[in-house]
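No value in this document is a laboratory result; all are computed from the given coordinates. Note that this is a predicted model, so its numbers are computed, not measured. Here the Cβ is made from the backbone with ideal geometry for all residues, glycine too, and neighbour counts use every protein chain on show.
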Ligand code: UDP
Ligand code: MG
């Protein structure tokens, strides 16, 4: 039989302390992959410096199934770094990113694959249309964020978009060309373009374990997103400065004219204090905005690696111990280039 046309699908799974969710996830994704006979699969798990049993589960999976590969970081670098590492090391013709907690239903994969192959799209992305099961305050701020960032940046960032998507190799190569340290994938996906079809689904409850995103983390992430994809805050502070200059100019004229007509007035110092306070506050605010951009630039200029690898499936102690006992290299699951 010839399998020349058989495409390879890489599934990239960022995992941070997912020991509870991984067994069920594996069962589910394995089942899905068996139902898709027209493609081969590669499962690339990225252990983002978990401090639980995640790495042992991955070692075991990689040992038992040669479609499974893993990369384990030296510490927690964040989901953005994990996704980047996964995309960089995936070998597939089509590449999907999927959470380990089954909030991104693997059951959508056949439909995504069909759309990619038959409808002329380069990417099939997903968005959740409900935010059921999420605190109301979080949903509210998320909505405000999406409205705001779409107004002030050119990147098309879709409300409710998940990182769960199936992409063709050319789109992944384009994403990898953006080697920035401050990664905001939701913006990057939109920025690189390509024909994207959106699938909608209802929000799924996390299977096991807890979300790793606290409100504070999300807030910082969204501010990072704004700094990464818009210079509008800088414009706003410049315009504010200009506006206050104009107001001050007219105020000076007013004071001079008043002095010439009515003379000798030294009153009004409490209002002066208020004005000084307000203006110095605005100045500090503007400097703060400038500082945000500067600090991001500083990090970029340092050119630090986005992630550091501690172990990959080619170092798998389970496989290697079998090799040394059995004496023959029965399994070949290597990971050539690392970022
Ligand atoms: N994740 C990660 N590194 C982190 C935080 C999260 O790799 O620092 C992974 C996590 O294991 C999961 C995915 O990113 O597979 C989404 O995380 P989570 O479910 O906590 O986020 P939510 O779905 O609540 O947005
Ligand atoms: Mg989740």
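Numerical summary
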| quantity | calculated |
| --- | --- |
| Unique residue being surrounded by 12 or more Cβ atoms within 10 Å (Cβ to Cβ) and either more than 16 Å from ligand 1 (Cβ to nearest atom) or assigned to a helix (DSSP H, G or I) (or both) when the list is 171, 278 | 171 |
| Residue, nearest to ligand 2 (Cβ to nearest atom), within region 191-211, restricted to residues that are out of contact with any helix residue (DSSP H, G or I) (no Cβ under 9 Å at 6 or more places or on another chain) and outside any loop (DSSP other than H, G, I, E, B) | 200 |
| Residues located in region 157-190, provided they are away from ligand 2 (no atom under 16 Å from the Cβ), under 19 Å from residue 226 (Cβ atoms) and in contact with a helix residue (DSSP H, G or I) (Cβ under 8 Å, 6 or more places away or on another chain) | 157, 158, 159, 178, 180, 181, 182, 183, 184, 187, 188, 189 |
| Extreme residue, surrounded by the most Cβ atoms within 10 Å (Cβ to Cβ), among residues of region 96-122 that are touching a helix residue (DSSP H, G or I) at 6+ places or on another chain (Cβ under 6 Å) and in a helix (DSSP H, G or I) | 109 |
| Residue count, region 61-85 (criterion: within 16 Å of ligand 2 (Cβ to nearest atom) and outside any loop (DSSP other than H, G, I, E, B)) | 4 |
| Among (1) within 20 Å of residue 111 (Cβ to Cβ); (2) assigned to a strand (DSSP E or B); (3) within 16 Å of ligand 1 (Cβ to nearest atom) - the single one residue 25 does not satisfy | (2) |
| Residue under evaluation residue 132, criteria (1) in a loop (DSSP other than H, G, I, E, B); (2) within 18 Å of the chain's Cα centre (by Cα); (3) within 14 Å of ligand 2 (Cβ to nearest atom); (4) surrounded by fewer than 22 Cβ atoms within 10 Å (Cβ to Cβ), criterion not met | (2) |
| Residue, surrounded by the fewest Cβ atoms within 10 Å (Cβ to Cβ), within region 28-48, restricted to residues that are within 16 Å of ligand 2 (Cβ to nearest atom) and assigned to a helix (DSSP H, G or I) | 28 |
| Long-range neighbours under 7 Å by Cβ, at least six apart or interchain, first residue within 16 Å of ligand 2 (Cβ to nearest atom) within region 100-122, second assigned to a helix (DSSP H, G or I) | 100/22; 100/25; 102/24; 102/25; 102/28; 106/28; 106/29; 106/32 |
| Residue in region 34-64 that is farthest from the chain's Cα centre (by Cα), counting only those that are free of Cβ contacts under 8 Å to residues at least 24 places away in the same chain and within 24 Å of residue 166 (Cα to Cα) | 37 |
